[in-house]
Each structure stands twice: as structure tokens, then as C-alpha cells.
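The values are calculated or read from the model by the stated rules, or taken from the named source; none is laboratory data. Bear in mind the structure is a predicted one, so any value in this text is a computation, not a measurement. Note that we place each Cβ from the backbone using ideal geometry, even for glycine, and neighbour counts take in every protein chain shown.
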Ligand SMILES: [Mn+2]
């Protein structure tokens, strides 16, 4: 029987540098249906609170996390679409909560130009899209580290970064102190990306018994190809190589996939949208008919 898949959208955009990401889940689910003919069940939650309103954020992430939790419980594969990357707090808290109830752990590959590992006391802007990782690790606003459960959602040894090339020292110090594995972009090349990515994916799959999530911040990819992001940083991961690598992972161990930070208002030539559709189309086909 084909694997059921659900798109869970986080229409949140004011926790980033620029507004605009909040319309991304609507645009992506519409484009999947209209230009690709791919109809998947979609459920988008809209954030209506302020950019620094922690209680409104908490309510929003709880709603998204419930949907994520429900999907995993029903053996439905979730595709999470942000939103600015703060969306990851809701998505992965929900997945992790489901696993915690079964005494299992979440593995997470975080693809990004940035570390997203500020804590409220180290962030100059206070923008939550720079802090989702620390919150998933259990550090930051108590309201946001306790979505669905009081336990941290992610253990440092189950987290790996790829593509990092823009960060502040307090973030790096924080991640180093926890022993988190980081592949900075200058350690990566067109030649070694695939092998390293698959090696880490398979290691996390073993470590977590096949519960690996992937969170793709679109700005982890090279902005020469993928430009529709609010905080572009030059020299990212080659988008073709990333797509080819994704086609090689064993999706039996993939528990969910996320795209964050797509900003439709910056996608003048629609190249970023076309790329995401291609990526999602092949992922959906692979997940749906995996044996
Ligand atoms: Mn990010």
C-alpha cells in the first residue's frame, strides 16, 4: 500500500528578517497540485501574533506540533513547509514528542547557511528564526522548549549541520560545548558532499533506529541557483548535488522532511519554486512507493 503523505504548513514569517515566508506553504501546496498534479493532503496553520510574542508563538507551535504528532502516530509521512525557520520548533517538537512516548529519539540533519543556535540572551535581533535549534535542544524561552512535553526534543549527539558559513561566536561556542557535529561549508565540496551526507544520514539512522528528520533552510543551498531567501550567503551547497543526494537516501529511515525560509516575493524568476517542486516531487514519489 502506498505510504500516506501530508503537507503540514507553518504560515509564519515575522520571526525572520523579512516578511513574506508566511505565504510559502500556500504557494507550494497550490503549485504542487496545479503545475505538478500532485494532490496531497495539506493543512496550513497561520500565525497571527507579534514577532516577539512568546505566548502567541507557543500557542502556534503547539498547534503545528499536534498535527506533526498525529501524522507520525497514524504512520503518515509529514512534509513540513515554513515559514521562516522558527517553524522547526513546532514541526520537530511534535515528531520528537511522539518518539519520546515510545522511548525513541529523533535524529536531525539541519541544512543551513546559519547555525540558528542563538539563545534569547545572545541574539541581537531577538528574531526567533535564529534560535530554533537551541530551543529544540532545550535552551531558551521555557514557553518554547516545552511544546507538548517538558523534555528537550533533540539530543546534541543526534544533530548534524551541513552548509554552515555565517554565524556568531556565541552560537558556535554553544554548539561546540554540546559536542554537536558541524560540516562547515568550507569542509564541503561538489566531490565529497554526497558521501558525507549519506554517511551522516546512515549513522543517525542507526543511532535513532530509523528516525531521521531533515530540515532544509533554503539558504543552505547556493544563492546563485536558489535566490528566494531573506538572508542569502554566497557559496552554498550545490542545489543539483543536494537533489541527487536526496534521491539516494533510504527513505525507510526518514521520519519527515522540512523546507524553511522560502520567500515567494523574492522569487522573481520562479527558479527557487521550480527547484522545490522538483525536490518535493521526487521525494514524494520515493516515500510513497518505498518498499
Ligand atoms: Mn535556518
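Some notes on this structure:
- For the stretch 111-123, the tally of residues that are assigned to a loop (DSSP other than H, G, I, E, B) and touching a residue at least 40 places away in the same chain (Cβ under 8 Å) stands at 8.
- Single unsatisfied condition, residue 207 versus (1) surrounded by fewer than 21 Cβ atoms within 10 Å (Cβ to Cβ); (2) without any contact (Cβ under 8 Å) to a residue 60 or more places away in the chain: (2)
- Boolean, residue 259 is within 21 Å of residue 185 (Cβ to Cβ), crowded, with 24+ Cβ neighbours inside 10 Å and either in contact (Cβ under 8 Å) with a residue 24 or more places away in the chain or under 15 Å from the mean Cα position of the chain (by Cα) (or both): yes
- Just one of (1) more than 16 Å from the ligand (Cβ to nearest atom); (2) within 18 Å of the chain's Cα centre (by Cα); (3) in a helix (DSSP H, G or I) fails for residue 244. It is (2).
- Any hit, the stretch 248-267, residues being farther than 18 Å from residue 201 by Cα, in contact with a strand residue (DSSP E or B) (Cβ under 8 Å, 6 or more places away or on another chain) and in a helix (DSSP H, G or I): no
- For the stretch 215-230, the criterion of being under 28 Å from residue 101 (Cα atoms) and in contact with a helix residue (DSSP H, G or I) (Cβ under 7 Å, 6 or more places away or on another chain) is met by at least one residue.
- Options 175, 196, 266: the member that is surrounded by fewer than 21 Cβ atoms within 10 Å (Cβ to Cβ), within 16 Å of the ligand (Cβ to nearest atom), over 17 Å from the mean Cα position of the chain (by Cα) and over 20 Å from residue 72 (Cβ atoms): 266
- Within the stretch 53-94, restricting attention to residues that are assigned to a helix (DSSP H, G or I) and closer than 16 Å to residue 4 by Cα, the residue that is farthest from the chain's Cα centre (by Cα) is 73.
- Test result for residue 108, surrounded by 18 or more Cβ atoms within 10 Å (Cβ to Cβ), more than 13 Å from the chain's Cα centre (by Cα) and within 16 Å of the ligand (Cβ to nearest atom): no
- Residue check for residue 82: modelled with pLDDT under 95, under 18 Å from residue 275 (Cβ atoms) and within 16 Å of the ligand (Cβ to nearest atom): no
- Matching residues in the stretch 206-226 - criterion: being farther than 23 Å from residue 136 by Cα and away from the ligand (no atom under 16 Å from the Cβ): 224, 225
- Condition met for residue 133 (within 12 Å of the ligand (Cβ to nearest atom), in a helix (DSSP H, G or I) and buried (at least 19 other Cβ atoms within 10 Å of the Cβ)): yes
- Matching residues, the stretch 114-126, being in contact with a helix residue (DSSP H, G or I) (Cβ under 8 Å, 6 or more places away or on another chain) and either over 25 Å from residue 54 (Cα atoms) or more than 12 Å from the ligand (Cβ to nearest atom) (or both): 119, 122, 123
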